[in-house]
Amino acid sequence: MASTLLERTRESHEEIERLERAICADFRNEAVTHKERLAQNHRVRSMLDDMADKSKRLRAVYEDADGVRKEEIEALGGGSNVFSAFYDRLKETRDYHKQFAGYHAPLSDEFLRQYRDGKPPEFSGEEASGRYLDLHAHHRQFQNAPFGSKDCEYIAYLSVVGDFEPIAREKKFNKKYDEYLSGLVGYLRGFHARVKPLVFLDTVTRKAEEEFEERWATGAIPGWEDKGLVAVKSGADVVDLEAFATAEEMETAVGADKVKEALAAMGLKQGGTPTQRRDRLWSTRGKSPGEIDKKLFAKGAVFVGSDAGDDARKKEERAKGVARAEGLVATLLEHLRQQLEATKGNVEKKATLSLAELEAEAEEDDDWVEEEDEDEEEEIYNPLKLPMGWDGKPIPYWLYKLHGLNLEFTCEICGNYSYWGRRAYERHFSEFRHQHGMRCLNIPNTKAFAEVTTIADALALQKALDARKVGQWKRETDEECEDADGNVYNKKTYEDLRRQGLI
């Protein structure tokens with residue numbers, strides 16, 4: 001019954017406990033596909049939101065700002081007339097059940113049906129159930145805007161969407177740039193809420209805002225080191241306009257680069273043709289910074305040493321708002337890095353497919369299973385340290401014994417390397433490790449040294465083979481031949497002289 005404050009409090013506690021058990025039960029059933037995981041996350045997020053609302057109401061009840069809870073607890077005691085209070089409560093209970101006859105607490109299935117039958121999040125066809133970002137509208141806006149580039153393709157835009165530093169400062173202080181940033185922030189916020197409902201975006205943005213304030217105060221934000229303020233100084237240090245009679249003479253003497261440098265030093269606009277920049281600089285001749293037309297100054301220009309403190313604060317706040325929006329876009333894109341990289345790969349893939357392949361791919365089911373990380377693979381139970389088979393599992397122990405893999409053969413020539421099994425041991429005599437060891441000993445790796453694994457045996461065998469060669473008869477050096485003049489030569493020398501025609 002929910003006729004009293006205490007009963008409503010008890011009911012809220014019960015519902016919170018039900019939601020906690022439901023969340024635990026839902027997470028025990030592992031979602032396999034992307035759609036199942038997304039639906040599960042949204043169910044849990046809906047339960048968490050309801051738990052938070054009920055907890056806020058309970059906190060307000062326990063604070064008891066109006067004193068209703070205290071009065072109801074005191075009324076339970078009855079004061080001096082206990083029986084009168086008891087019968088009043090009994091009458092109230094009977095009246096409640098007459099009004100709500102047959103009312104009972106909802107069963108678990110009925111209580112959770114509202115969460116299970118919830119409406120799934122909607123995605124566009126390009127987003128593919130949250131796998132990819134759909135930034136086509138913002139890409140077209142970027143192409144048609146003065147701060148963008150008409151030649152920027154979509155695949156290139158995906159790489160620079162979060163990089164605002166190359167955009168010129170003077171092109172950021174306009175309505176179109178504000179609309180572009182606000183639209184981009186709104187889309188990324190909505191996409192983040194649909195794809196990652198269990199990540200509380202308010203916490204992420206609050207932390208990013210705190211970091212932004214610290215970096216803004218120290219001038220550590222790239223592109224905004226001066227906090228959006230350009231100090232207006234005299235251009236006489238760069239170009240002395242009083243030394244020239246005409247603008248053409250000044251341009252011929254100093255050059256177009258010096259003209260642009262002087263405009264930048266004075267905080268004036270630097271756009272337009274060289275002639276326009278020359279005339280703009282020449283129009284400041286003989287004028288103080290306060291006398292120059294304000295339309296000629298760039299955005300954020302502030303007079304040095306002037307009393308325009310309010311103007312400087314306004315311009316700094318405007319620049320700070322633009323920088324804050326840029327930082328928020330970069331933060332959101334960083335949290336959506338996986339979807340952004342997947343979008344780049346998908347765009348590149350579509351560029352290589354034919355029309356028939358694109359249609360066939362569109363007809364396929366877009367539900368997919370994410371591959372698990374290698375670090376999350378279950379550890380294989382292998383206490384005997386058996387070798388792995390073709391299926392990635394340990395081979396049977398009887399096969400391990402049959403091939404003699406339990407026998408260890410050590411080769412000192414190979415650096416005391418161990419070979420398991422007779423087959424691997426016999427094969428290693430022709431492999432690089434054993435051949436390198438024999439070369440280091442200055443011993444030829446012939447068949448005579450097969451089955452020799454110790455350095456001492458190999459050196460002894462080599463010495464025996466060398467001794468066996470002493471005293472042997474060699475035909476090339478020991479056989480003698482006589483020429484027509486009676487000269488005697490060995491076989492090798494005789495053949496050499498005869499081929500040369502000397503004998």
*Excluding Gly437 itself, calculate the net charge of residues whose Cβ lies under 12 Å from the Cβ of Gly437, where each Lys or Arg counts +1 and each Asp or Glu counts -1.*
0
_Given region 3-47, report the % of alpha carbon pairs whose separation exceeds 15 Å._
52 percent
*When all protein chains stay in place, what accessible area (Å², nearest 10, 1.4 Å probe) is found for Ser129?*
20 Å²
_Estimated FRET transfer efficiency when R0 is 22 angstrom, pair Glu426-Thr446 (beta carbons, to 0.05)_ = 0.90
*How much length is gained if the chain between Tyr417 and Asp279 is pulled fully straight, taking 0.36 nm per residue apart and subtracting their Cα-Cα distance, in nm to one decimal?*
41.3 nm
*Do any of Lys56/Lys196; Lys119/Lys207; Lys171/Lys260; Lys172/Lys314; Lys349/Lys393 go past 27 Å between their Cα atoms, and which?*
Lys119/Lys207; Lys349/Lys393
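At 1.4 Å probe size, put Cys411, Cys481 in order of accessible surface, largest to smallest.
Order by accessible area, largest first: Cys481, Cys411.
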_GluC sites (Glu not before Pro) within region 1-79: DSSP coil, no more than 15 neighbouring Cβ in 10 Å_ = Glu30
*Note down the nm distance, to one decimal, between modelled labels 7 Å out along Cα→Cβ at Asp53 and at Arg37.*
2.9 nm
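Kirkwood Rh over alpha-carbon pairs of region 1-99, then Stokes-Einstein at 4 °C and 1.567 mPa s: what D in µm² s⁻¹, rounded to an integer?
Calculated translational D: 78 µm²/s.
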*Quick one: ranking Asp485, Asp64, Asp117, Asp391 by accessible area, 1.4 Å probe, largest first, what do you get?*
Asp485, Asp117, Asp391, Asp64
_Tell me the accessible surface of Leu386 in square angstrom (1.4 angstrom probe, heavy atoms of protein chains only), to the nearest ten._
20 Å²
*asked:* Give me the net charge for the shell around Leu407: Cβ to Cβ below 11 angstrom, other residues only, Lys and Arg +1, Asp and Glu -1.
replied: +2
*Length gain on complete extension for the stretch Glu153 to Glu170, per 0.36 nm per residue less the alpha carbon to alpha carbon distance?*
3.7 nm
*Which length gain, in nm to one decimal place, applies between Glu15 and Ala484 when the Cα-Cα distance is subtracted from 0.36 nm times their residue separation?*
156.3 nm
*With r defined as the distance between the Cβ atoms of Gln99 and Lys385 and R0 fixed at 56 Å, what FRET efficiency is calculated, to the nearest 0.05?*
0.15
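The values are calculated or read from the model by the stated rules, or taken from the named source; none is laboratory data. Being a predicted model, the structure only gives us computed values, none of them experimental. We place every Cβ from the backbone using ideal geometry, glycine too, and count neighbours over all the protein chains shown. Heavy atoms of the whole protein, side chains included, go into the accessibility calculation; ligands, DNA and RNA do not. Shrake-Rupley method; radii C 1.70, N 1.55, O 1.52, S 1.80 Å.
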